[in-house]
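Student: Got a structure here, written out as structure tokens. Questions coming.
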Amino acid sequence: MLEAFRKRMFVFGGSVALVFLILFIQLVNLQVVHREEYTFKAKMNMENYIPIPAPRGEIYDRYYNIDNSGKVLVSNRPSFNLTLVPESFENKKEIRDVLVKLSGFVKFDIEEVMSEIKKGNPWERVIIKDDVSFETVTKVASHRYLFPNINWEDAPVRVYNYGDIFAHAIGYIGSINKSEYKKLKDSGYKYYQSLGKSGIEKQYDKLLRGEDGQIRRIVDVKNRTEGEEVGKDPLSGNNLRLTLDFDVQKAAFDALGNNRGTVVVIKPSTGEILTMVSKPSYDPNLIISRDNDELLEQLYNDKLKPFLNRSIQSKYPPASTFKLVTSIAALETEKTHPSKRYTCTGKYTLKGFKDHDFFCFRVHGSLDLYEAIGKSCSSYFYQLGYKVGPTSIMKYASYLGLEEKTNVDIPGEIQGFVPSKKWKLKTFGQPWFDGDTINMSIGQGFLAVTPIGMANMLCGIVNNGIVYKPHLLKEVYSPDNKKLVYTPEKQKLREIPLSPITLDTIKKGMRKSVTMGSSGRLSYLKVPICGKTGTAQTRSKRQENKSQHAWFLGYAPFEGSADQAVVVAVFIEYGEWGAVAAVPVAEKIFAKLIEKNYFKKD
Amino acid sequence: MLGRDSISRMDLSLIAAVIVVVAFGILMIYSAGFDPIDKINSGLYKKQILWFIIGMVFLLFLSVINYKQLGDYALYIYGAMFLVLVVTTFFGRPIRGTSAWLSFGIFSIQPSEFMKLASVILLAKYLELKERDISKFRELLIPFLIIFIPVLVILKQPDFGTACIFIPVLFTMLFVAGADVSHLVAIISAASIALIFPMIITYREWAGYTGSNFLLDLFVNKDVLFTVSGIILAIAAAAFTAHYFFKKPFLRRIYIPASVFSMGLMLSVVIQKLFKVYQKKRILVFLNPDLDPHGSGYNIIQSKVAIGSGGIAGKGFLQGTQSQLGFLPEKTTDFVFSVVAEEFGLIGSVILLGLLAFIIFRGLQIALSTKDKFGALLATGITSIVFFHILINIGMVIGIMPVTGLPLCFVSYGGSNLFMAMMGMGILNSISMNRSMY
């Protein structure tokens, strides 16, 4: 019996020994084998990194740093967020008590903050009030004992100094959204950061954003701070100097008035964009403010589409401005010569199964090509276009880049459209008719171009066939503006081998438009200006009792070095007549360009 | 009473080991009570020092009393403790939802701790009396009643962890006292069957399975369960009757497993009703801590992070980030071992484990060398109480046992458990001092 007891005691003792062995093995497993993993997790528990936002780069117009007339277009205003972490309080009542005390110093909605706290994770910081001034933060800090767990953080606010004037070119910033974050997290973007949402802000976000700094905090489980240190100083973003000329931009913006439309001004010798205005516009300062949901929705739902950058994101029939293309096709294929005369009787009858009349807006009589361009005689171009044929016109429209993007350095550009016989058959199940050719020779029908595409085409003509990529970025500077970091080189987009006769004919014809045609208002200006108006019939229903868009395409000086030349494109939606709506806008722009000595010989 | 002679006969190595382990514990409670941000200490360690001093008095007092007297009064001790336990459970003011504490104003005691000792004393006495008959199945009834009556009361408190400790102690004592192993296996099998179905059902409900499962749906329905277990029980009864008349051995192979299975099914209905959902969830969280990353699963994860990040040498006294910065929960009580492992590393945790192992093996040695059966069983019982605390507590904090909320004897903060453990050591010492006299 006693032996049995001893035996069973040994079994029990053996089991005890086994248990201690297992405990020992698991300790070794945790403390030796998996030590690194758990050390990392312990570090994750107690370390908390607070980002120090990097000041975003400023944006200047083309004369900044060169003379005193330059303007700071976008800058940053120091500002703070007051925040709290719910977990660092004992209970909701304590939070409320502190908030009530705090509301004696800063005005904010306590209920809104409390509901925000209810929604979120107790460890995540909640913004009590954003855009708080330095003075207020100083006041709160000096009463720290009243608000033990109220924190503040740097939150500089982006300031668009000229609001709606530069809205479409420069764009605006906003909080990173889910899909953007998914795409960009590998390039170092964090979920709490802002990024450029459109325009220059988006295109050059990586240059502008800099690199956030970090404060490393040791925190306990209630997120109380045991110690903190600056882990990394923030790196400011680069400053950008744009090609935009503040004065010309403003002149164009003002000249457009309440019209819906766009102005693009380009220097053909480099591709620099001096002006890019689109109307209706919006104020980016309102977009970036915190409680903007209502405004954003209102802007998104606005039928007039204020967010649309009409210079690059919409296309219209080029109308009479396309007569330049028809002329080029005719001259280059040697189907005509500049002094070839056609007679305008006020209409042109296309003979066929059933005769069809195409009308000109006036009876011009006999004219040569110069006069035809100058007076924009449609009868002349019906006859010329018919002679040249659709294939050549399409080919030259394509050569001149009208169905390609200009690759301007802001996102969202769309391409123009030049029809083809194949396209028409596929889309309408009909062959290409002669009537289509007639329509196309005066820029009507299926054609659609973007204003910047049209401006860029003229750049090619003015610059004797060489087209540069239109762009807005002139130079990139270091954050202190002491160092020029980068100057983008001008990029040749294409070279169109146009004969000197063609170029000369087009320029002279456009000059005639000013001296004797629809751009007559520009003739008194001190610099000889060339132009071409257009009045586009639209397929869409009439708006405001008008059914035609107004175009003006021009440049100055008429004869001179291409290096001095500046191209101006004006487009006004439902402007009715190019000569009436678009030319006066161009007039103000040319006047400003002259005033700013763009055409002065060195 | 404490003459030179009795001091010389004391088990000094056992007492020394206990003192070192308690001192170790006080050091860790000091560390865990320190707030590195406000730079103040909660002062809990001072109270533990006081408990330790009182505990030493108990230990020495029980050392010099002949443990045999405990055997003589076993039923009275058990009865008195049980009365206190019942009063506490049914009339006490609940603290954090548990009526486990009897409050005396400035301090409170936990009667269930002392019930452990009282039960073991009575059990040892009973098993001594039934020394020859214990291999019979029916003789197991009284030991089970001795243990399960207080267990049911403690479950009522509810204190799942404390209730848990009684059962392995019971089986250990039955085993060393000479119970038939096949009986113990049968009982454990029935209990396992009883537990499995409620667990699976709870798991499915919790994990959000909505689809029905024919077999499980049957086991949710208690009428079906009773019918099935009744049929099996009838088969068992028939086999038993047949065996009675024909004495064919294969019939034993039918009625024994059949009755075990039938009992298990019937018990599963009881368990499904008796166990609180959170208790069933706890066992499931142990099996899969990811089920509850914010609740008790969180505690285990943080404990493992504390222990693992301690490495071999530890982060240093007062330097454990997990405990000092509050990520480790219950760091003075249930998770005090994690603080040791974090601040003193593998070296510290193995030293502590070694000291505890020393106490256990010393207890077993005393049991083995005692010629008196009551003394041997009592020593085994007391040793197994401490041993299962160690197994369940350390097993829990290192993530290989369920989260049951048991303190680590001698080390965790708390007067009642420390008193119980030190009183146990006193009794062990008394057995050790008297073992050669019989």
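The values are calculated or read from the model by the stated rules, or taken from the named source; none is laboratory data. Given the structure is predicted, the values throughout are model-derived calculations rather than measurements. Positions of Cβ are backbone-derived with ideal geometry, glycine not excepted, and every protein chain shown enters the neighbour counts. Side chains are part of the model used for accessible areas, which takes the heavy atoms of the whole protein and leaves out ligands, DNA and RNA. Shrake-Rupley method; radii C 1.70, N 1.55, O 1.52, S 1.80 Å.
Student: Any residue in region B:373-389 that is more than 11 Å from chain A (Cβ to nearest Cβ) and under 18 Å from residue B:161 (Cα atoms) sitting within a Cβ distance under 8 Å of a residue that is of a type in the set (Lys, Arg) and part of a helix (DSSP H, G or I)? List the pairs, counting only those 6 or more apart or interchain.
Tutor: Close Cβ pairs satisfying both conditions: B:385/B:116.
Student: Among the residues of region B:357-386, write down those that are among the charged types (D, E, K, R) and in a helix (DSSP H, G or I).
Tutor: B:362, B:373, listed by residue number.
Student: Next question. Which of the residues spanning region A:211-245 are under 35 Å from the mean Cα position of the chain (by Cα) and either among the hydroxyl-bearing types (Ser, Thr, Tyr) or closer than 30 Å to residue A:577 by Cβ (or both)?
Tutor: Matches in region A:211-245: A:236, A:243, A:244, A:245.
Student: Also: Quick check: anything in region A:581-599 surrounded by fewer than 16 Cβ atoms within 10 Å (Cβ to Cβ), hydroxyl-bearing (Ser, Thr, Tyr) and out of contact with any Lys or Arg (no Cβ under 6 Å at 6 or more places or on another chain)?
Tutor: no
Student: OK, next. For region A:13-29, enumerate the residues that are in contact with a Leu (Cβ under 7 Å, 6 or more places away or on another chain) and either more than 8 Å from chain B (Cβ to nearest Cβ) or aromatic (Phe, Trp, Tyr) (or both).
Tutor: Within region A:13-29, A:20, A:24 qualify.
Student: Separate question: Condition first: free of Cβ contacts under 8 Å to residues at least 60 places away in the same chain and over 22 Å from the mean Cα position of the chain (by Cα). Now tell me which residues in region B:359-372 satisfy that.
Tutor: Result: B:368, single match.
Student: Just to be sure I understand the filter: pairs with C-beta atoms under 7 Å, separated by 6 or more residues or on different chains, first member in region A:183-196 and part of a loop (DSSP other than H, G, I, E, B), second member modelled with pLDDT under 85. Which pairs pass?
Tutor: Filtered contacts from region A:183-196: A:190/A:51; A:192/A:51.
Student: Select from region B:335-358 the residues that are within 11 Å of chain A (Cβ to nearest Cβ) and either touching a residue at least 60 places away in the same chain (Cβ under 8 Å) or of a type in the set (S, T, N, Q) (or both) and list them in ascending order.
Tutor: B:337, B:338, B:340, B:349, B:352, B:356, B:358
Results for (1) of a type in the set (A, V, I, L, M, F, W, C); (2) over 27 Å from residue A:16 (Cβ atoms); (3) more than 14 Å from every other protein chain (Cβ to nearest Cβ), shown as yes or no for each residue.
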site	(1), (2), (3)
B:133	no, yes, no
B:136	no, yes, yes
B:150	no, no, yes
B:154	yes, no, yes
B:159	no, no, yes
B:165	yes, no, yes
B:168	no, no, no
B:173	yes, no, no
B:178	no, no, no
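Student: In addition: Which members of region A:152-194 meet the condition of being open to solvent by less than 30 Å² (accessible area, probe 1.4 Å) and among the polar types (S, T, N, Q)?
Tutor: Matches in region A:152-194: A:193 only.
Student: Here's another thing I want to ask about it. Looking at region A:215-240, which of the residues that are open to solvent by 70 Å² or more (accessible area, probe 1.4 Å) and of a type outside the set (Lys, Arg) is nearest to the other protein chains (Cβ to nearest Cβ)?
Tutor: A:226
Student: Does region A:530-537 contain any residue that is loosely packed, with under 14 Cβ neighbours inside 10 Å and either touching a helix residue (DSSP H, G or I) at 6+ places or on another chain (Cβ under 6 Å) or assigned to a loop (DSSP other than H, G, I, E, B) (or both)?
Tutor: no
Student: If you don't mind, another one. Using the structure shown, decide if residue B:13 is open to solvent by 40 Å² or more (accessible area, probe 1.4 Å) and small (Gly, Ala, Ser).
Tutor: When the stated conditions are applied, residue B:13 passes them.
Student: Take residue A:526 and tell me if it is among the charged types (D, E, K, R), open to solvent by 80 Å² or more (accessible area, probe 1.4 Å) and out of contact with any Asp or Glu (no Cβ under 9 Å at 6 or more places or on another chain).
Tutor: yes
Student: Output the number of residues of region B:298-355 satisfying the condition of being more than 14 Å from residue B:408 (Cα to Cα) and part of a loop (DSSP other than H, G, I, E, B).
Tutor: Here the count works out to 15.
Student: Are any of the residues in region A:379-398 among the small types (Gly, Ala, Ser), open to solvent by 10 Å² or more (accessible area, probe 1.4 Å) and under 26 Å from the mean Cα position of the chain (by Cα)?
Tutor: Taking every residue of region A:379-398 in turn, at least one turns out to be among the small types (Gly, Ala, Ser), open to solvent by 10 Å² or more (accessible area, probe 1.4 Å) and under 26 Å from the mean Cα position of the chain (by Cα).
Student: Taking only region B:319-334 into account, find how many residues are more than 10 Å from every other protein chain (Cβ to nearest Cβ), more than 22 Å from residue B:160 (Cβ to Cβ) and open to solvent by 10 Å² or more (accessible area, probe 1.4 Å).
Tutor: Residues flagged as more than 10 Å from every other protein chain (Cβ to nearest Cβ), more than 22 Å from residue B:160 (Cβ to Cβ) and open to solvent by 10 Å² or more (accessible area, probe 1.4 Å) within region B:319-334 amount to 1.
Student: Given (1) part of a helix (DSSP H, G or I); (2) open to solvent by 40 Å² or more (accessible area, probe 1.4 Å); (3) under 30 Å from residue A:219 (Cβ atoms), identify the lone condition not met by residue B:68.
Tutor: (3)
Student: Look at residue B:429 and say whether it is under 22 Å from residue B:51 (Cβ atoms) and of a type in the set (S, T, N, Q).
Tutor: yes
Student: Another one. Which count do you get for residues in region B:392-410 that are buried (at least 24 other Cβ atoms within 10 Å of the Cβ), in a loop (DSSP other than H, G, I, E, B) and within 14 Å of chain A (Cβ to nearest Cβ)?
Tutor: Final tally of qualifying residues: 2.
Student: Hey, another quick one. Would you check which residues across region B:96-149 are open to solvent by less than 30 Å² (accessible area, probe 1.4 Å), farther than 18 Å from residue B:377 by Cα and in a loop (DSSP other than H, G, I, E, B) and list them?
Tutor: Within region B:96-149, B:99, B:100, B:110 meet the criteria.
Student: Sort out which residues of region B:159-173 are surrounded by 18 or more Cβ atoms within 10 Å (Cβ to Cβ) and either in contact with a Phe, Trp or Tyr (Cβ under 9 Å, 6 or more places away or on another chain) or farther than 16 Å from residue B:378 by Cα (or both), and write them in order of number.
Tutor: B:159, B:160, B:161, B:162, B:163, B:164, B:165, B:166, B:169, B:170, B:172
Student: Going through region A:30-58 one residue at a time, which ones are buried (at least 16 other Cβ atoms within 10 Å of the Cβ) and more than 7 Å from chain B (Cβ to nearest Cβ)?
Tutor: Passing the criteria: A:48, A:50, A:51, A:52, A:53, A:54, A:55, A:56, A:57, A:58.
Student: Considering only residues that are open to solvent by 50 Å² or more (accessible area, probe 1.4 Å), farther than 30 Å from residue A:484 by Cα and part of a loop (DSSP other than H, G, I, E, B), which ones fall in region A:59-99?
Tutor: Answer for region A:59-99, where residues must be open to solvent by 50 Å² or more (accessible area, probe 1.4 Å), farther than 30 Å from residue A:484 by Cα and part of a loop (DSSP other than H, G, I, E, B): A:90, A:91.
Student: Here's something else I'd like to know. Please list, ordered by residue number, the helices (runs of 4 or more DSSP H) wholly in region A:388-506 having 3 or more residues that are more than 26 Å from residue A:310 (Cβ to Cβ).
Tutor: Correct list: A:390-399, A:421-428, A:434-441.
Student: What's the total number of residues in region A:561-602 that are outside any helix (DSSP H, G or I) and more than 21 Å from residue A:516 (Cα to Cα)?
Tutor: Number of matching residues: 18.
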